[in-house]
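**Student:** Starting off with a structure, shown below.
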Amino acid sequence: MSNTPTVISDYQQSIESYRQLISSTGEDLERPGLEDTPQRAAKAFAHLTQGYHQNLEEVVNDAVFPSTNRELVLVQNIEFYSLCEHHMLPFHGIAHIGYLPNGQVLGLSKFARIIDMFARRLQIQENLSEQVAQTIMDVTGCRGVAVVMDASHMCMMMRGVSKQHSTTRSTAMLGEYMHDNQARNEFLNALPRRQPAF
């Protein structure tokens, strides 16, 4: 899995693509309210996909510190926003990360930054959970890491089956969490109660 940038953004090309997309609806790009929309949309899309241009070393910024704690560290309720790679519609939710340190710990803000680095790409939730888990495992050298993500997907809510109350939970378990049921249950039982979508 590469953490180096893989997509080079062409801002002017994005603007023109949005102009063509809006024009395809029959709309008048010259009317007030739409004149600057292609530029605004291109800027927003660049922000929503900026994870392609982030570097893991810069995101972590050497924030790995020695620690003698070997018990569960749980960082919970980290909100995230991403784009479904199938329909390019948003999905958003919260993530919970637990890990078992092995002599060092990661600065708390870096968990959110790592999630954002992978969420701000064209994604599917199942892969996002795995990418976050593997990255934390690699960065910290921990004995185990568990990630749970709960999200609402606009591709299921505002089109297609239109199920407004549907949510999706994905999990990723690495290291000791793959075979140690006691550690796995400790993590799962420590999670906050799952909330309905609305």
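**Student:** Scan segment 17-36 residue by residue and report those that are in a helix (DSSP H, G or I) and closer than 18 Å to M88 by Cα.
**Tutor:** Once the filter is applied, which keeps residues that are in a helix (DSSP H, G or I) and closer than 18 Å to M88 by Cα, segment 17-36 yields S17, Y18, R19, Q20, L21, I22.
**Student:** Out of segment 153-198, which residues are of a type in the set (S, T, Y), out of contact with any Pro (no Cβ under 9 Å at 6 or more places or on another chain) and either outside any helix (DSSP H, G or I) or under 23 Å from H92 (Cβ atoms) (or both)?
**Tutor:** Answer for segment 153-198, where residues must be of a type in the set (S, T, Y), out of contact with any Pro (no Cβ under 9 Å at 6 or more places or on another chain) and either outside any helix (DSSP H, G or I) or under 23 Å from H92 (Cβ atoms) (or both): S162, S166, T168, S170, T171.
**Student:** Do you know which residues across segment 88-117 are outside any strand (DSSP E or B) and farther than 21 Å from T140 by Cβ?
**Tutor:** Within segment 88-117, M88, L89 meet the criteria.
**Student:** Going through segment 126-149 one residue at a time, which ones are within 17 Å of C84 (Cβ to Cβ) and either surrounded by fewer than 20 Cβ atoms within 10 Å (Cβ to Cβ) or among the basic types (K, R) (or both)?
**Tutor:** Residues satisfying the conditions are E126, N127, E130.
**Student:** Name the residues in segment 73-87 that are assigned to a strand (DSSP E or B) and over 24 Å from T140 (Cα atoms), would you?
**Tutor:** Hits for segment 73-87 are Y81, S82, L83, C84.
**Student:** Taking segment 140-153 on its own, how many of its residues are in contact with a Leu (Cβ under 7 Å, 6 or more places away or on another chain) and closer than 12 Å to I97 by Cβ?
**Tutor:** Of the residues in segment 140-153, 6 are in contact with a Leu (Cβ under 7 Å, 6 or more places away or on another chain) and closer than 12 Å to I97 by Cβ.
Laboratory data are not the source of any read-out in this text; all were calculated from the coordinates shown. All values derive from a computational prediction rather than experimental measurement. Cβ: placed from backbone, ideal geometry, glycine included. Neighbour counts: every protein chain shown.
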